[in-house]
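Report on one structure; see the data block that follows.
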């Protein structure tokens, strides 16, 4: 009975080790690439610090994919996606603030006109 356990335990350990390997994060890489595309569509470029950080992480994730370091690739791709989404949010926020400022100027001009009208 003990000899059968001695045979099963190493086989079980090998199976667990095989399950511990991370699969290639192909879907995450695709999501991250799509996030970059969306960010470009709203005007995000390398002048936004988070974009540069995200681009660096994506490049590192791609290199990790080539060396089959899938866990590292997944983490970097997830971080890159979050960073590029933050860059996108900053750009959209700046555009919105610019629009609000312009509307406030128009309102102020209209108020002046109303005040000067008898």
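Quick note: the coordinates plus some simple rules give every number you see, no bench work behind them. Treat the numbers as computed from the prediction; the structure is a model and nothing was measured. Heads up, the Cβs are rebuilt from the backbone with ideal geometry, glycines too, and the neighbour counts pull from every protein chain shown.
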What are the pairs with Cβ atoms under 8 angstrom where one residue, in region 91-118, is closer than 30 Å to residue 52 by Cβ and the other, located anywhere, is part of a helix (DSSP H, G or I)? Sequence gap at least six, or different chains. 91/39
Among the candidates 84, 100, which residue alone is within 14 Å of residue 36 (Cα to Cα) and either touching a strand residue (DSSP E or B) at 6+ places or on another chain (Cβ under 8 Å) or part of a helix (DSSP H, G or I) (or both)? 84
Quick one: how many residues across region 35-77 are outside any helix (DSSP H, G or I) and under 14 Å from residue 89 (Cβ atoms)? 4
